[in-house]
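The values are calculated or read from the model by the stated rules, or taken from the named source; none is laboratory data. Please read these numbers as outputs of a predicted model, since none were measured by experiment. Calculation scope for accessible area: heavy atoms of the full protein, side chains included, ligands and nucleic acids excluded. Shrake-Rupley method; radii C 1.70, N 1.55, O 1.52, S 1.80 Å.
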Amino acid sequence: MNINKPGLFFNNMTGALTGELIGEKKAKIGDLRGIFADEVSRLAMDQDQLAYHVQYYFPVAEGTEGGLFFGNTTIYPGKVGNEYFMTKGHFHTKGDRGEYYWCIKGRGMLIFMDRDRKTWAEEMISGSLHYMPAHIAHRTVNIGDEPMTFGACWPSDAGHDYGTILEEGFSARLLEVDGKVTLVPVSN
Ligand code: PAN
Ligand code: ZN
């Protein structure tokens with residue numbers, strides 16, 4: 001009978017994944033066209049500046065029913081104009097797939113939006129655990145001065161619908177207003 005050594009490690013302090021089959025995705029300021037409100041400020045920044053990166057473990061092919069994916073995301077501190085660095089955000093392509101996030105370090109905010117465009121936010125601090133129900137778009141924001149890292153686990157057939165958010169956006173944005181983190185409704 002075999003007793004195997006683990007081939008995959010998750011660092012509880014940093015969130016770093018090491019081992020077999022770890023992939024990586026980087027999002028630079030230059031990749032985030034149409035995400036932030038202030039496009040003029042975004043274009044004036046160093047387009048190679050890293051806004052966030054993701055490490056992920058895909059033990060099965062994307063789209064496989066019944067599997068789970070695991071990842072971490074680190075969002076760097078910073079702002080585009082008065083809007084904090086954040087992820088693109090998405091609905092899952094299979095809308096009825098949920099997800100867990102948990103904050104490892106830093107100070108963040110998780111923005112949710114339902115299909116009726118109702119938006120709300122939840123604070124992320126070390127140890128906080130967040131359940132994303134089905135049919136809810138989700139985006140994360142770094143509101144602190146240090147990198148903010150969280151873990152995520154989601155179904156391997158969930159998929160990512162970025163197009164809806166690119167076209168319609170969230171109905172509120174997290175801005176610094178008079179020195180305070182404020183969830184500001186988008187006027188249309
Ligand atoms: C996360 C996100 C990750 C990056 O793993 O994919 O935080 O955010 P964007 O995908 O919106 O750029 C997740 O929610 N997966 O389903
Ligand atoms: Zn997701």
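Ignoring lysines fewer than eight residues from Lys79 along the same chain, the ones with Cα atoms less than 20 angstrom from its Cα are Lys26, Lys28, Lys88, Lys105, Lys180. Report, to the nearest whole %, how much of the accessible area of the chain belongs to carbon and sulfur atoms, 1.4 Å probe, protein only. Carbon and sulfur: 53 percent of the exposed surface of the chain.
Restricting to Cα pairs below 8 Å that are 6+ residues apart, what does the relative contact order work out to for the chain? Please round to a whole percent. All intermediate terms of the calculation are to be shown ahead of the outcome.
Details: 444 pairs, mean separation 43.3, N = 188.
About 23 percent, as a whole number.
Over all pairs of different C-alpha atoms, the chain has a mean inverse distance whose reciprocal, the Kirkwood radius, equals 17.2 Å. Using the 1.4 Å probe convention, the accessible area of the chain works out to 53 Å² per residue with neighbouring protein chains retained.
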